[in-house]
Amino acid sequence: MKNRLWLNVALLAAVAVLALFAYFRPHKSEPEHRLSALKAADIGKIRIDVTGSPPLALERTGPDWRLTTPVAARADSFQTQRLLAILEATSKDRLPAAGLARFDLNEPYARVTIDQQTFSFGAVNQMSREQYVLTQDGVYLVPLQYGAALPKNALQMVSRQLFAADEAPVAFEFKEFSLAQQDGKWVMSPAPADMSQDDINRWIGEWRLATALAVQAADNRKPLATIKVRLANGSDLTLAVLQSESEFTLARSDQPFQYQFGAETAKRLLAPPAAQSQPTADKR
């Protein structure tokens, strides 16, 4: 009996030692295959072809990107970086570019061409929840985020910022009031009684950095009001207020788009600059 007990103890000890060895021994990581040697900073052109949609084309202009097809517009920098992220993608699986029909890559539903390299998007592997992508001479399994970054239409790629980085407003003209920059300071007419430059600068900053929740094609509605804006480069444009209640919608006279903001944004931007509110004393 004692011999059998000691044998069992020895077997348990051996199993424990093997388990510890398996746990602590160095694990060789699976090799990762990089899909591209291109660097995002060096890219100058992007083309997107999605089945059933018109092709989209983007070009870099200095530090920024512009949509050139099917419309000309400033491109959304976040969406553009999502597209370029495929250049950094790696995969543990690399298959030869043969028998493409089994991966739905004989007729891929989408292609993204970044400079001279094309990435074709095929079926989703239901076991690993990854997508098959064909590029150069290989088929790779990559996370679904790269296919999810493909825009469904051109409007998803249009910048949601009302003003470009190099567009600095220097004058606003509303029906009830106006502001203009003079000798480095903002002057409001009619002149407010208790307004500081800081109060006006805060209001101007909100306009300068206004970013819409969504961009839509202009529907040529009759505006409720118009706002004339002069930019530092000397150009003039008109902002048409199309809606200001449940949501706030603006259209620029020089672009075929309209920008949708939340209703609270309308309350801040359409009203004159307000003095910074002071905390009220507690009522006794």
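The table that follows gives values for the structure above.
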| read-out | value |
| --- | --- |
| Centroid-to-centroid separation of the range 160-209 and the range 38-69 [C-alpha atoms, Å] | 34 Å |
| In Å, descending, principal axis extents of the Cα set of the chain | 102, 64, 35 |
| The range 28-123 - percent relative contact order, Cα under 8 Å, separation 6 or more | 31 percent |
| Sites Ser246 and Ser189 - FRET efficiency at Förster radius 25 Å, r taken between beta-carbons, to 0.05 | 0.20 |
| Inter-probe distance in nm under a simple model that places probes 7 Å from Cα toward Cβ, at Ala164 and Glu88 | 2.7 nm |
| Probe 1.4 Å - accessible area at Asp166, Å² to nearest ten | 130 Å² |
| For the chain, calculated [θ]222 nm from helices alone, where every DSSP H run of n ≥ 4 adds -39500 (n - 2.57) | -6000 deg cm²/dmol |
| Calculated log₁₀ intensity ratio I(q)/I(0) where the Debye formula runs over C-alpha points of the range 179-252, q = 0.11, 0.20, 0.25, 0.26 Å⁻¹ | -0.37, -1.07, -1.30, -1.33 |
| Solvent exposure of the range 143-284 as accessible area per residue, Å², 1.4 Å probe | 59 Å² |
| Segments 125-135, 155-165 sorted - mean Cβ within 10 Å per residue, highest first | 155-165, 125-135 |
| Pair Ser77, Leu95: separation of 7 Å Cα→Cβ label points (nm) | 3.9 nm |
| Förster radius 51 Å - calculated FRET efficiency between Phe177 and Glu32, Cβ distance, rounded to 0.05 | 0.25 |
| Simple Cβ-charge dipole of the range 158-284, Lys/Arg +1 and Asp/Glu -1, about Cα centre, in debye nearest 20 | 200 debye |
| Cα Rg over Rh - the range 36-148, Kirkwood | 0.97 |
| In the range 111-238, lysine pairs closer than 22 Å at Cα, eight or more apart or cross-chain | 4 |
| Helix runs (DSSP H) in the chain reaching 20 Å along axis by Cα, Kyte-Doolittle at least -0.5 | 2-24 |
| Whole-percent pair-distance distribution, where bins are 10 Å wide, for the alpha carbons of the range 128-280 | 9, 32, 27, 13, 10, 6, 1, 0 |
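The values are calculated or read from the model by the stated rules, or taken from the named source; none is laboratory data. Because the structure is predicted, anything quoted here is derived from the model rather than measured. A quick note on method: Cβ atoms are made from the backbone with ideal geometry, for glycine too, and the neighbour counts reach across all protein chains shown. Heads up: the accessible areas ignore ligands, DNA and RNA and are worked out on the full protein's heavy atoms, side chains in. Shrake-Rupley method; radii C 1.70, N 1.55, O 1.52, S 1.80 Å.
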